[in-house]
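The values are calculated or read from the model by the stated rules, or taken from the named source; none is laboratory data. It should be emphasised that the depicted structure is a prediction, and the values quoted were computed from it without experimental measurement. Glycine gets a Cβ as well: all are built from the backbone with ideal geometry, and neighbour counts include every protein chain shown. Please note that ligands, DNA and RNA were not included when accessible areas were found on the heavy atoms of the full protein model with its side chains. Shrake-Rupley method; radii C 1.70, N 1.55, O 1.52, S 1.80 Å.
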Amino acid sequence: SVTFASCIPEEYCPAITQHCVCQGSGINRWLLAVGTGGALTMARYGSNEYGSVSSSTWLPFTFTYMI
């Protein structure tokens, strides 16, 4: 997995790591994880098999969880 952000305030961090499958560019999907320390990581990018992510890849996400 690749950490791409770590800016969630401590009071909003989940008690256990939360995961969500997100839609990327084209038909590619990826796994978003929100860690207990606030880091956002992405992994498993691809449609049928995992591939690399370029700097121009579109990775939109929304994530909702109860704290």
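Look at G26 and say whether it is assigned to a loop (DSSP other than H, G, I, E, B), in contact with a helix residue (DSSP H, G or I) (Cβ under 8 Å, 6 or more places away or on another chain) and open to solvent by less than 90 Å² (accessible area, probe 1.4 Å).
no
Can you go through T41, T57 and tell me which one is modelled with pLDDT under 80 and open to solvent by less than 60 Å² (accessible area, probe 1.4 Å)?
None of the other options fit; the residue is T57.
Quick check on my filter: what residues within the range 22-59 are within 22 Å of Y12 (Cα to Cα) and either touching a Pro at 6+ places or on another chain (Cβ under 9 Å) or of a type in the set (D, E, K, R) (or both)?
Within the range 22-59, C22, V34, G35, T36, G38 meet the criteria.
Could you go through the range 24-33 and let me know if any residue there is modelled with pLDDT of 75 or more, polar (S, T, N, Q) and over 10 Å from the mean Cα position of the chain (by Cα).
yes
Tally the residues that are more than 15 Å from the chain's Cα centre (by Cα) and not small (G, A, S), restricting the search to the range 34-67.
Residues flagged as more than 15 Å from the chain's Cα centre (by Cα) and not small (G, A, S) within the range 34-67 amount to 4.
For the range 15-47, which residues satisfy the criterion of being in contact with a Gly (Cβ under 8 Å, 6 or more places away or on another chain) and not polar (S, T, N, Q)?
Within the range 15-47, R29, W30, Y45 meet the criteria.
Six or more apart or on different chains, Cβ atoms under 7 Å: show the pairs whose first residue is in the range 49-66 and without any contact (Cβ under 8 Å) to a residue 60 or more places away in the chain and whose second is open to solvent by 60 Å² or more (accessible area, probe 1.4 Å).
Correct list of pairs: Y50/R44.
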